[in-house]
Amino acid sequence: MSKKSRKKSSKTPSGSPTAKKKAPKTKATTQTKAAKTQRTLASKSTATIAKTASHGATSKQLKSSKSASAAKPVLAEGQKAPAFRLPRDGGGVATLSDYAGRKLVLFFYPRADTPGCTREAIDFTRLAGAFADAGTAVLGVSADSLKAQEKFRDKHSLGVPLISDEKHEMLEAYGAWGEKSMYGKSFLGILRTTVLVGSDGRVAKVWRNVRVDGHADQVLEAATSL
């Protein structure tokens, strides 16, 4: 073999230094591309999460704004009492016009046959005669069904009519339906409220966030002095 051929052969064997140098370079290039791909995916993922979070915050804000704008004005003293027509215990319906020319007490309670609501209904029943002497009718209102209202009446021998407002129409009109909280959670429900309507059909007094103890006596005093 000539010197030229031997020299050429020595540069091209599979185990030559030249071949060994190319392998690490190829591996490094592959690792670099993989790293870039991971960084790109991570960036896209972060952008997607940020976009989703931003959209969620916007939706929540829009929802809150919509709820706030849809809120009805609070019933105020001196305002004409909102008309109503709803079923009552014992059959038939109760309407505002049924009490035209008379004073009327409407006490809104969260749920029939619960401790606070039971004490309140019993107190108004106890004072039913005194309210009648003061020319004042008394009605209890909740979102319970008629069946539940009648069971409540019979169990505790209640002597005041009970109205069923399952669609919350009257409750909302009188400001007795709204946001409540319990154990750190917020929800919509009945706000214990009492409204005294004068013989002129206008709201004479409103009690909100009622505390049951002694409440019926306070309402009777207000009705008597009206």
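Along each of the three principal axes of the Cα atoms of segment 85-225, give the extent in whole Å, ordering the values from largest to smallest.
Principal extents (largest minus smallest coordinate, Cα): 43, 29, 27 Å.
Shape call for segment 166-226 from the C-alpha gyration tensor, a ≥ b ≥ c root eigenvalues: rounded (a/c under 1.5), prolate (a/b greater than b/c) or oblate?
oblate
Would you tally the net charge around A137, using a Cβ to Cβ cut-off of less than 10 Å, leaving A137 out, and scoring K and R as +1, D and E as -1?
It works out to a net charge of +1.
Antiparallel DSSP bridges in segment 85-225: what percent, to the nearest 5?
Among the beta bridges of segment 85-225, antiparallel pairing accounts for roughly 70 percent.
Which whole-Hz ³J(HN,Hα) couplings does segment 87-97 yield from phi under the Karplus relation 6.51 cos²θ - 1.76 cosθ + 1.60, θ = phi - 60°, glycine and proline marked x?
Each residue's phi maps through the Karplus curve to give x, 10, 4, x, x, x, 10, 10, 10, 5, 5 Hz.
I need the phi-derived Karplus couplings for segment 100-113: 6.51 cos²θ - 1.76 cosθ + 1.60, θ = phi - 60°, integer Hz, Gly and Pro marked x.
In residue order, the calculated couplings are 4, x, 10, 7, 9, 9, 10, 10, 9, 10, x, 7, 4, 6 Hz.
Quote the charge dipole size of segment 85-225 about the Cα centre in Debye, to the nearest 20; the model charges only the Cβ of Lys and Arg (+1) and of Asp and Glu (-1).
Once rounded to the nearest 20, the dipole reads 200 debye.
Check each of the trypsin sites (Lys or Arg not before Pro) in segment 169-226 and keep only those in coil by DSSP with at most 11 other C-beta atoms within 10 angstrom; list them in order.
R211
Say R0 is 45 Å: what FRET efficiency, to the nearest 0.05, do L226 and Y183 get from their beta-carbon distance?
Working: r = 39 Å, r/R0 = 0.87.
My answer for the efficiency is 0.70.
Whole-Hz Karplus ³J(HN,Hα) for segment 133-145, in order, using 6.51 cos²θ - 1.76 cosθ + 1.60 and θ = phi - 60°, x for Gly and Pro?
Computed from phi, the couplings for segment 133-145 are 5, 8, x, 10, 8, 10, 10, x, 9, 8, 8, 5, 5 Hz.
Using DSSP to call loops (not H, G, I, E or B), can you name the GluC sites (Glu not before Pro) in segment 111-181 whose Cβ has at most 14 other Cβ atoms within 10 angstrom? Each step should come with its number before you reach the end.
Numbers: sites: E120, E150, E166, E169, E172, E179; in loops: E166.
In loop regions of segment 111-181 (DSSP not H, G, I, E or B), the sparsely surrounded GluC sites (Glu not before Pro) are E166.
Each value in this text was obtained by applying a stated rule to the coordinates, not by laboratory testing. It should be emphasised that the depicted structure is a prediction, and the values quoted were computed from it without experimental measurement. Heads up, the Cβs are rebuilt from the backbone with ideal geometry, glycines too, and the neighbour counts pull from every protein chain shown.
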